[in-house]
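J.: One structure is given below, represented as structure tokens, and several questions about it will come after.
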Ligand SMILES: *Cc1c(COP(=O)(O)O)cnc(C)c1O
């Protein structure tokens, strides 16, 4: 019989190497197991199971940050056990939270005489809801003061918005008035909005960096239109800008374009710090132009954690890590660092764009000017729409995750592939991606137009058609 090897502590034989005997039994999945297991084994089992996920570095579908520096990882670990909401116990963390808001208020060009306030959230979805709720509340107060009805508030935005805008309308019982896209225009222009606005409009939404094509709504035009309405009818309708994706790109890549607090009607802006703020998932923010834009009734004073703490959020407890990591990036990169990174990723996006055009297979929906995203459609309009879905599936075989989808209403005959270029997507990766894309196209060409047959085969292999996602 083989000797069991012993560690210096004779009572503790070295009883596992990789993950011990747990590996030959299925672990409990839907009921809590009766007995626990060794920490290392539990770690190894979960770690290994996660290998079945896609590779974040090859995920061109998502805008969300997939890489940070080791020092950031260190901070993350150190602060995971501090609840952001416990401001009284962790006052320095709260101090940093406020600095982050202040830096963003200035980044969004809040005028000198304004006092920008706001809060970090779990993401832009929460931030957009908080922004719109504040405007709904202010509208209600204004109407009450004028002795007018507060029934049927509405919010106006374009079909190019993220789903969270519709979520807001449904969850908080506000009528949504959606400005459709056009078959050849994929953002909202000022000339489209007049017929959707009335005295019950509590806010107009504009997107800076749409999820679908990376373009921007005409915020300046909308602002001018609303200023005219204010002068003519006395309606003071605020703009909430959804800068989830563009909020950290615009200030560094096209600082001359006015879309932020330089425009009078822009009263609140949200951004996803976990997108181009370059922080891991779990942090967004909403910033109001001035303290007076956030109704004080919405800020709750919490007393049961010790002290009295102002709180404006939909969620409550969460780790403070991501807020601290945003502060880390501000200190670590400075404006110059952000500028360099944003310019690099824009350059890489434009390079990828060129490479895809060189295949002769695609045409651009628009140039990558406002976001480092590349959105293409098929050049040959005779090819069936499903070819983009097919390409998305084929790219998966090379590890790349690229979504294919139709654009929103009135432009929904356009089917696209979209790639988000992030910090970790190097020139070399762009080369490799273009080569793999060419291989996918070659594969398609061997089908000689018989896509139906391919689809049947793909289905038989268990591949599903068009599982494109937008995130
Ligand atoms: C990503 C995105 C959102 C949602 O942001 P989360 O931070 O994921 O909640 C909203 N609007 C736009 C334009 C986005 O790109």
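J.: Considering only segment 33-138, give the helices (runs of 4 or more DSSP H) lying wholly within it that have at least 3 residues that are over 24 Å from the mean Cα position of the chain (by Cα). Spell out how you get there, then give the answer.
T.: Details: elements: 39-49, 70-79, 91-107.
Output list reads 39-49, 91-107.
J.: For segment 152-200, which residues satisfy the criterion of being exposed (fewer than 13 other Cβ atoms within 10 Å of the Cβ), at pLDDT 95 or above and within 16 Å of the ligand (Cβ to nearest atom)?
T.: 170, 171
J.: Taking the condition more than 19 Å from residue 351 (Cα to Cα) and touching a helix residue (DSSP H, G or I) at 6+ places or on another chain (Cβ under 9 Å), does residue 407 pass? Quick ask: steps written out before the conclusion?
T.: Numbers: more than 19 Å from residue 351 (Cα to Cα): yes; touching a helix residue (DSSP H, G or I) at 6+ places or on another chain (Cβ under 9 Å): no.
Here the answer is no, as residue 407 does not meet what is asked.
J.: Same structure, new question: Given the criterion farther than 16 Å from residue 271 by Cβ and buried (at least 19 other Cβ atoms within 10 Å of the Cβ), identify the matching residue among 44, 92, 87, 98. Outline the logic, then answer.
T.: Details: 44 fails: buried (at least 19 other Cβ atoms within 10 Å of the Cβ); 92 fails: buried (at least 19 other Cβ atoms within 10 Å of the Cβ); 98 fails: buried (at least 19 other Cβ atoms within 10 Å of the Cβ).
Answer to the check: 87.
J.: Return the total of residues in segment 107-128 being within 16 Å of the ligand (Cβ to nearest atom) and either farther than 22 Å from residue 94 by Cβ or touching a strand residue (DSSP E or B) at 6+ places or on another chain (Cβ under 6 Å) (or both). Steps first, please.
T.: Filtering segment 107-128 for residues within 16 Å of the ligand (Cβ to nearest atom) gives 108, 118-128.
With the extra rule that they be either farther than 22 Å from residue 94 by Cβ or touching a strand residue (DSSP E or B) at 6+ places or on another chain (Cβ under 6 Å) (or both), the set shrinks to 108, 118, 120-121, 123-125, 127-128.
Residues meeting the conditions: 9.
J.: For residue 141, indicate whether it is assigned to a helix (DSSP H, G or I), more than 16 Å from the ligand (Cβ to nearest atom), surrounded by 18 or more Cβ atoms within 10 Å (Cβ to Cβ) and touching a residue at least 60 places away in the same chain (Cβ under 8 Å).
T.: Numbers: assigned to a helix (DSSP H, G or I): yes; more than 16 Å from the ligand (Cβ to nearest atom): yes; surrounded by 18 or more Cβ atoms within 10 Å (Cβ to Cβ): no; touching a residue at least 60 places away in the same chain (Cβ under 8 Å): yes.
For residue 141, the condition - assigned to a helix (DSSP H, G or I), more than 16 Å from the ligand (Cβ to nearest atom), surrounded by 18 or more Cβ atoms within 10 Å (Cβ to Cβ) and touching a residue at least 60 places away in the same chain (Cβ under 8 Å) - is not met.
J.: Based on this model, can you work out whether residue 313 counts as under 21 Å from the mean Cα position of the chain (by Cα), in a loop (DSSP other than H, G, I, E, B) and more than 19 Å from residue 250 (Cβ to Cβ)? So that I can check it myself, show each step before the final result.
T.: On the way: under 21 Å from the mean Cα position of the chain (by Cα): yes; in a loop (DSSP other than H, G, I, E, B): yes; more than 19 Å from residue 250 (Cβ to Cβ): yes.
Criteria met by residue 313.
The values are calculated or read from the model by the stated rules, or taken from the named source; none is laboratory data. Computed from a predicted structure; not experimentally measured. No Cβ is skipped: glycine too gets one built from the backbone with ideal geometry, and neighbour counts run over all protein chains shown.
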